[in-house]
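Just so it is clear, none of the values below were taken in a lab; they were calculated from the coordinates. Because the structure is predicted, anything quoted here is derived from the model rather than measured. Backbone-built Cβ (ideal geometry, glycine too); neighbour counts: all protein chains shown.
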Amino acid sequence: MARRNNLAGWVLVSPVVVGLLVFTLYPFLASLALSFCEYDLFPPPRGVGAWNYETMFTRDPLVWKSLTNVLYYTALAVPLGIVMGVGLALLLDAKIKGLAVYRTLFFLPSIVPVVATSVLWIWLLNPQIGLVNTLLRLVGIEGPTWLASVAWSKPSLVFMGVWGVGGSMLIYLAGLKDIPASLYEAAVVDGANAWQRVRYVTLPMLTPVIFFNLVMGMIGAFQYFTQAYVMTQGGPLDSTRFYALHLFFEAFQYLKMGYASAMAWVLFIIVVGVTALLFRSQHRWVHYGR
């Protein structure tokens, strides 16, 4: 009977197990092997040792350019997203009339498909007919060329990213609901004003949620791809050629699958390293106790 139950269990979970092995584990290991090969889809892979990794760091200046772009975007978008998300959550946690409507309006941008959002922002940031520059002209300001400008292309993408902060805002709202009301009552008894309650009660109790969004935001920022691919194709002058976009071009435009696999593994190591550093630092500022 036990063997029969075990067999029935394996049969039921077999689609997930087979899918994990075939579509996740095998490509994962195959990409590691291909990273040490020269492979362009048609001839069989040819082993080249560590040549792909050597090329990345010594012969491909776009790798360093793309990493610089990623670090720039991460340094701006992730902290700004956290600040905006927490700020909106605090505002939308207030007891006011029509609160559900406001929450829905702020959350809606985060559920719009990324490609649709990108196309929308291409129009909004159009230098001639875009809504943003049109509104700026009404107050006497001539707006920049945004996505067509080397100086403004990455800030434009950061600005667009903040517009979709509703997903993290919802997580912060859930975290705020989990903070015991007794802590606020005790703070009021001790004479704490509104800002002091936020500073010494809300934010410390919200740090586990902030930490979660920080980790997910960092991982997502290092893999930033779709918006840059749809809106700029890496231009102008490679100012938005992010690492994942450069990897995509090497793999599917130039068919350098071995080189792209090496790039993917370097990205994997970077993401794992940054995530490990974040987890190592959490004991200094994340408070799990009540």
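Assorted remarks:
- A cut-off under 13 angstrom between Cβ atoms defines the neighbours of ARG241, and their net charge, with Lys, Arg +1 and Asp, Glu -1, is -1.
- Separation of the stretch 104-123 and the stretch 57-101, taken as the distance between their Cα centroids, equals 15 angstrom.
- GNM flexibility winner over the chain from ALA221, ALA100, ALA50 (Cα, springs under 10 Å): ALA100
- Of the complete DSSP H runs in the chain, those spanning 30 angstrom or more by Cα along the long axis with a mean Kyte-Doolittle score not below -1.0 are 61-92, 257-285.
- Compactness relative to 2.2 N^0.38 Å, alpha carbon Rg of the stretch 1-51: 1.83
- For the stretch 138-213, the fraction of C-alpha pairs farther apart than 16 angstrom is 66 percent.
- Pairs of Cα atoms farther than 17 Å apart, the stretch 10-109, %: 75 percent
- Under 5 Å, built H, 5+ apart or other chain: amide partners of CYS37: VAL48
- 30 Å Cα-Cα reach of LYS95 towards lysines, excluding residues that sit fewer than 8 places from it in its own chain: LYS177
- Taking all Cα pairs closer than 8 Å and separated by 6 or more residues, the relative contact order of the chain comes to 29 percent.
- When the alpha carbon gyration tensor of the stretch 64-139 is reduced to an equivalent ellipsoid, its three semi-axes come out at 27, 21, 14 angstrom, largest first.
- Residues of type lysines that LYS65 reaches as a straight line, Cα spacing below 26 Å, ignoring anything fewer than 8 places off in the same chain: LYS154, LYS256
- Our analysis of the stretch 38-180 gives Rg over Rh at 1.13, with the two radii drawn from alpha carbon positions and Rh computed by the Kirkwood formula.
- Reduced Cα scattering model of the chain, Debye log10 I(q)/I(0), q = 0.08, 0.13 Å⁻¹: -0.51, -1.08
- FRET efficiency estimate (nearest 0.05) - Cβ-Cβ, ARG59 to ILE129, R0 41 angstrom: 0.45
- Efficiency of FRET from Cβ geometry, TRP10 and LEU105, R₀ 41 Å, rounded to 0.05: 0.30
- Ranked packing of 121-134, 138-151, 231-244, 2-15, most packed first, by mean Cβ within 10 Å: 231-244, 121-134, 138-151, 2-15
- Label-point separation in nm, GLN253 to GLN196, each point 7 Å along Cα→Cβ: 5.8 nm
- Legend: Rg and Dmax of the stretch 198-290, from Cα coordinates, 17.7, 54 Å.
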